[in-house]
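Data block below; observations after.
Read-outs throughout are calculated quantities, based only on the coordinates presented, and are distinct from any laboratory measurement. Worth saying up front: this structure is predicted, and the values here are computed from it rather than measured. Cβ placement follows ideal geometry from the backbone for every residue including glycine, while neighbour counts extend to all protein chains displayed.
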Amino acid sequence: MATIPVAIAGAPYDVRIEAGLLAKAGTHCRPFLRKDTVAIVTDEHVAARWRETVAASFAAEGIESRWLVLPAGESTKSWEQLARVIDWLLAQEVERKDNIVALGGGVIGDLTGFAAAIVKRGCGFIQIPTTLLAQVDSSVGGKTAINTPAGKNLVGAFHQPVLVLADPLSLDTLPARDVRAGYAEVVKYGLIDDAPFFEWCEANGHHLLAGEADAREYAIARSVAAKARIVAADEKETTGVRALLNLGHTFGHALEAETGFSDRLLHGEGVALGMALAARFSARQGLMNGQDAERVAAHIGAVGLPASLAALNLSCDGRRLADHMLHDKKMDAGTLPFLLLRGIGETFLAKDVDLGDVAAFLDDELARR
Ligand code: GLY
């Protein structure tokens, strides 16, 4: 088992990574539970596959698990479902020193974490992420949120879990497209500040996507270690260090907005394409060597993720995509901080990017076939 400490000041915790961990969830959670019951929030897909296994692991520790099973999908990150979770937790008589469990992907983790942040002014929670994206990114670092009609993740809180349990076996039953989309966030860590890890991805990414256990465990552990290091340095995204985790997200967000936040482009796919665009834009600005930028796009394309705008068949122009960026929640006093690259493993925060240059670049990218 790999154990990665997340050294957040005042709220440190471990991320444990091991194939088969879901079947031992009760043993790992036991020291964090004060009662012989535990409240678990999940979704219907995860419950169908894992409820029996996880419930049995708690029962083996003498703990009765109580379940709230929500609809699967992004629309569950809503005010309505938040109210439902809160009312249910109150009915379970959850107390501030209790730890509730979020079992599922990013939607369940974000929603349950936010409910934990506000119920009785804050109780504890344990993340048991079951998607690759949640295991390498959203379950670690304490960002919790729901969506509102005004946009995604606009209402939330920083609230750190007390423990994260990541079981790579949970990826075996997911659609290949979802695992591939989560892989974009793995590649991201290589591009941020770990060129040898990007090289590892080039050599081994296809093993991970084919389901090879060692490759999965290694990639999750190395990604979590990177995320732990970054969030420990800048928990609340105030110094610019945590902002590095947004590589690919500004372009990706614009593309998700243009495609209606739909199945046409999953979040991770938007991040993948966004990273390829960030690399090419960096090369065009003379910041990064063009061959390295094409190397980034080549790896993204090689694993079946979108690496060029042609893949999306958009009928808009670059200005329209750039306009979506003006509504990005990372806007800061009228400027949009952009994550650009000086090389593979050398991401930096650029605050002086001209959106007119971005629009002209996107026009040229849209014209590429
Ligand atoms: N997913 C980006 C962050 O946790 O900051």
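Structure values in brief
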{"item": "Charge dipole magnitude, Cβ of K and R +1, D and E -1 - the stretch 68-201, Cα centre, debye nearest 20", "result": "400"}
{"item": "Per-residue Cβ neighbour rank within 10 angstrom, fewest leading, 170, 78", "result": "78, 170"}
{"item": "Helix-only mean residue ellipticity at 222 nm for the chain, each DSSP H run of n ≥ 4 adding -39500 (n - 2.57), per residue, nearest 500", "result": "-14000 deg cm²/dmol"}
{"item": "Spin-label model distance (nm) - residue 7 vs residue 61, 7 Å beyond Cα toward Cβ", "result": "2.7"}
{"item": "Span from the the stretch 257-307 Cα centroid across to the the stretch 45-81 one, whole angstrom", "result": "35"}
{"item": "Only Lys, Arg (+1) and Asp, Glu (-1) charged, at Cβ; the chain dipole about Cα centre in debye", "result": "600"}
{"item": "When each of 24/143; 188/329; 97/227; 152/330; 77/329; 35/77 is checked by Cα-Cα distance, pairs over 23 Å", "result": "24/143; 97/227; 35/77"}
{"item": "Full-extension gain in nm, residue 354 to residue 327, via 0.36 nm per residue minus C-alpha separation", "result": "8.2 nm"}
{"item": "Trypsin sites (Lys or Arg not before Pro) restricted to DSSP loop in the stretch 94-178 with at most 13 other C-beta within 10 Å", "result": "96, 97"}
{"item": "Within the chain, percent of DSSP bridges classed antiparallel, to nearest 5", "result": "40"}
{"item": "Cβ charges +1 (Lys, Arg) and -1 (Asp, Glu), total dipole of the stretch 1-102, debye", "result": "220"}
{"item": "Given charges at Cβ of Lys, Arg, Asp, Glu: the chain dipole, positive-most of 159, 344, 47", "result": "159"}
{"item": "Restricting the stretch 171-215 to GluC sites (Glu not before Pro) in coil, as DSSP defines it, with at most 15 other Cβ within 10 Å", "result": "212"}
{"item": "Gain in span if fully extended, residue 264 to residue 120, counting 0.36 nm per residue against the direct Cα distance", "result": "47.9 nm"}
{"item": "Prolate/oblate/rounded label for the stretch 269-369 (Cα gyration tensor, a/c 1.5)", "result": "oblate"}
{"item": "Computed P(r) (all Cα pairs; the chain; 20 Å bins; percent)", "result": "31, 58, 12, 0"}
{"item": "Protection proxy ranking, peptides 263-276, 314-327, average beta carbon neighbours within 10 Å, highest first", "result": "263-276, 314-327"}
{"item": "Paired Rg and Dmax values of the stretch 19-167, which use every Cα atom, in angstrom", "result": "13.8, 45"}
